[in-house]
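What follows draws every value from the coordinates through simple rules; no lab data is involved. These figures come from a predicted structure and were not determined experimentally. Cβ placement follows ideal geometry from the backbone for every residue including glycine, while neighbour counts extend to all protein chains displayed.
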Amino acid sequence: MTRRFVLCSEDILSATLARDLCDRVVRERARAEWLRALWSPELCDTQRAWTGVYDHAWWCDRGVVDRAAREGGVRGHVRVAETGRLRAMHGASGTAFKAMRVAARMAPPPDLVVISGDTEGVTDAERLRAEGVTVAAEALPALVAEHHRESEAWVVAGFVAENEEERGRLAAVTRSLGFDPTGSAHKLLAGDAHDPRDAKRVCKALLGVDQVTPSAERARRCWLDTPLEVLEARGEGTGLGRYLRAVEAVVLPLLGDDAR
C-alpha cells in the first residue's frame with residue numbers, strides 16, 4: 001500500500017528540505033531493517049507519494065491551500081468553546097489551520113500532513129504553523145518544519161567544505177561574520193540582503209552561486225549527504241533538529257517500525 005503524504009510549504013526549497021529529510025530519517029533511523037530497505041532510493045517511490053492538496057503536484061503553497069479551502073467551504077476561523085466567540089487564524093497559523101482542515105476532507109484522507117516554511121523575523125517559532133495544526137484539531141498525523149529564520153539556514157548548517165576553494169569561501173564568510181555560520185546557523189537573519197548575516201546571502205557565498213535552488217547538486221549535498229547527527233547538532237537553533245526528531249517520533253511508528 002502506497003502511503004500518501006500531503007506537503008504544504010512556503011516555497012519549493014522549504015518543501016524539498018522537508019520531503020528529503022523526512023525520507024532520510026526513515027531510511028537511516030528506522031530500527032526495522034525491512035523498513036530501511038523499502039525506503040531505499042530505488043524503492044521508496046513505491047511506498048509513499050508526496051502530494052499537495054491536489055494530486056497534480058508533489059507539494060502546494062499558501063495560494064493553493066486558500067483556493068482548496070474556498071472550494072471546500074473551509075473557513076479561516078474557529079469558534080472558541082469557552083467563550084462562544086470566533087477566533088480568526090492569520091498568516092502562517094492560518095495557512096496551517098486551513099491545510100489541516102482541507103486535508104481531513106480529502107478522500108481518502110492522507111496518511112500524514114507536513115507543513116513547512118520560514119519563520120523570518122518571528123522569534124517564537126513554535127507559535128506559527130504548530131498553532132494552526134493544534135487549533136484545527138484534526139485526527140491526522142502531522143509534522144511541522146519551522147525554518148528559523150530562513151530555509152537557507154538549514155542548507156548552511158549542512159555545508160561541509162569539500163575542497164580548497166570551498167574552505168577558502170567558508171574562511172572568508174567566517175571572518176566577515178565573526179563566527180562560523182555552519183556551526184551557528186541560528187545566528188543568521190532574514191529579510192535584508194545587504195546584511196552580512198542574511199541567511200540567503202551567506203548560503204550563496206558558501207556555495208559560490210547567485211541563487212540557491214533545490215535542484216542544484218552542490219546545494220542538495222548539504223542536506224542529502226551530511227550525516228543526520230551533524231545536521232541535528234548544527235541546526236538545533238534553526239528548527240532543523242526539532243524537525244528530525246519529530247519525523248522519528250511521528251513517522252516511524254506510523255510506518256510500523258518496531259525493529260522486528
When a/c reaches 1.5 or more, the comparison of a/b and b/c decides; with that in mind, is the stretch 183-260 rounded, prolate or oblate per its Cα gyration tensor? prolate
Output wanted: per-residue J couplings in Hz (rounded whole) for the stretch 98-107, from phi through Karplus 6.51 cos²θ - 1.76 cosθ + 1.60, θ = phi - 60°, x for Gly and Pro. 5, 4, 5, 5, 5, 4, 5, 9, 6, 10
Tell me, what is a quarter of the convex hull surface for the C-alpha atoms of the stretch 152-221, in nm² with one decimal? 4.2
Would you work out which of 6, 177, 158 lies farthest towards the positive end of the dipole of the chain? Charges go on Cβ: Lys and Arg +1, Asp and Glu -1. 6
Could you list which residues have their amide H under 5 Å from that of residue 3, counting only those 5 or more apart in sequence or on another chain, with H placed in the peptide plane? 48, 49
How much net charge surrounds residue 172 when only other residues with a Cβ under 14 Å from its Cβ are counted (Lys, Arg +1; Asp, Glu -1)? +1
Inter-site label distance for residue 249 and residue 210 at 7 Å from Cα along Cβ, in nm: 4.4
Determine the relative contact order of the chain: mean sequence separation of Cα pairs under 8 Å and six or more apart, normalised by residue count, in whole percent. 21
Among 90, 194, 147, which comes first, then next, by fewest other beta-carbon atoms within 10 Å? 194, 90, 147
Give me the Å³ per residue figure for the convex hull around the C-alpha atoms of the chain. 137
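Evaluate the charge dipole of the chain about its Cα centre and quote only its size in Debye, nearest 20, assuming +1 on the Cβ of each Lys and Arg and -1 on the Cβ of each Asp and Glu.
Numbers: 37 positive and 40 negative charges, 156 e Å.
Dipole magnitude for the chain comes out near 740 debye.
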Note on the chain, DSSP bridge orientation, antiparallel percent to nearest 5 equals 15
Only Cα pairs under 8 Å and at least 6 apart count here; give the relative contact order of the stretch 152-221 as a rounded whole percent. 34
Footprinting proxy, 89, 100: sorted fewest to most Cβ within 10 Å, the residues are 89, 100
Can you tell me which of 238-245, 216-223 comes out highest on packing, and rank the rest after it, using the mean Cβ neighbours within 10 Å? 238-245, 216-223
Using a simple spin-label model with points 7 Å from Cα along the Cα→Cβ vector, what separation in nm is obtained for residue 75 and residue 34? 4.7
Set the Förster radius R0 to 45 Å, insert the Cβ-Cβ distance between residue 105 and residue 177 as r into 1/(1 + (r/R0)^6), and round the FRET efficiency to 0.05. 0.45
